[in-house]
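Report on one structure; see the data block that follows.
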Amino acid sequence: MEGKVVLITGGGRGIGAETARLLAHRGAFVVLNYLSNRESANRLVHEIEQKGGRALALQADIRDEQQVQYLVETTIRQCGKIDGLVSNAAMNFVRKPFLEMSWLEFSQKLNDELKAAFTLSQAVLPHMLENHYGRIVYVSTGLAQHPQVPFIAHGTAKAGLTTFGKYIAKEFRTYGITANIVSPGLVETERTKFQSEEMKRNMAKLTPLGRIAKPEDIARVIAFYVSDDSQFITGCDISVDGGLTI
């Protein structure tokens, strides 16, 4: 990853933060996009720089076209290019049984998830086309293929994201650009703190590898797709769930 520039949305915490640490350790200049937690993002930048890496934190709501343009243009101005994009920012969603959910609650997640991927991809891809090189990773979820109640809004939106990523892979296949999807199972992050310890233990028992994922487990797979080790893979959706899908 030496000399590569990677933009990571949702880069201040969880999977995004671990991905940033790993890519920076491997030589990449990482640009951490965050929405609200400035302190966490700046703390991570300081940590990476203390270890000899290079990092930059930029605030932007990736559902907003103007803010995305600022994010991408600032990255280009300060880093010269964008080699990789990790579309990882988490969008809030309503957790309800289907019959208790309104269309507005359901569609909010669909709109946020897909607009973020659409807006960000449209802003980044022209620069990748110019350089005839790019690595894009969309972070989805295992719930897109294996439904669990009450995650219908989340799972459906991520299924749309997975399909979107495959279309991007197909359309830009001849330009040195790859697009792949990483679909984690349950991951131990701040966003899963609401899950009970009993539920986590049960999930670990069901998982062939005997535990639920840590953010670094997902980060290693993302790092593979962002690197040239994956140069002959595109349009792939890989489950990172300790074998739960089998």
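Brief remarks follow.
- Between the amide H of Lys214 and those of Glu188, distances stay under 5 Å, these residues lying 5 or more places away or on another chain, with hydrogens modeled in the peptide plane.
- Fully extending the segment from Lys81 to Asn111, taken as 0.36 nm per residue of separation minus the present Cα-Cα distance, adds 7.9 nm.
- For the stretch 1-70, the relative contact order is 30 percent, taking Cα pairs closer than 8 Å that sit 6 or more residues apart in sequence and dividing their mean separation by the residue count.
- Report note on the peptides 141-152, 215-226: ranked by the mean count of other C-beta atoms within 10 Å, highest first, their order is 215-226, 141-152.
- Span from the the stretch 195-221 Cα centroid across to the the stretch 53-119 one, whole angstrom: 26 Å
- Cβ crowding within 10 Å, taken as a proxy for footprinting-reagent exposure, orders Leu125, Leu161 from fewest neighbours to most as Leu125, Leu161.
- The label point for Thr163 and the one for Leu129, both projected 7 Å from the Cα toward the Cβ, are 2.4 nm apart.
- Each of Gln122, Ile222, Ala89 was scored by the projection of its Cα onto the charge dipole of the chain, and the greatest displacement toward the positive side belongs to Ile222; charges sit on the C-beta of Lys, Arg, Asp and Glu.
- Were the residues from Phe224 through Arg173 laid out at 0.36 nm apart, the gain over their Cα-Cα distance would be 16.5 nm.
- In sequence order, calculated HN-Hα J values of the stretch 134-139 (Karplus, 6.51, -1.76, 1.60; Hz; x Gly/Pro): x, 10, 10, 10, 9, 8
- Relative contact order [Cα under 8 Å, 6+ residues apart], the stretch 5-240, whole percent: 20 percent
- From least to most packed, judged by other beta carbons within 10 angstrom and beginning with the fewest, Glu18, Glu113, Glu65 follow the order Glu65, Glu18, Glu113.
- For the pair Val149 and Glu198, label points projected 7 Å from Cα toward Cβ lie 1.8 nm apart.
Where a number appears in this text, it was derived from the coordinates with a stated rule and is not lab data. Worth saying up front: this structure is predicted, and the values here are computed from it rather than measured. Reconstructed Cβ throughout: ideal geometry from the backbone, glycine too, with neighbour counts over all protein chains shown.
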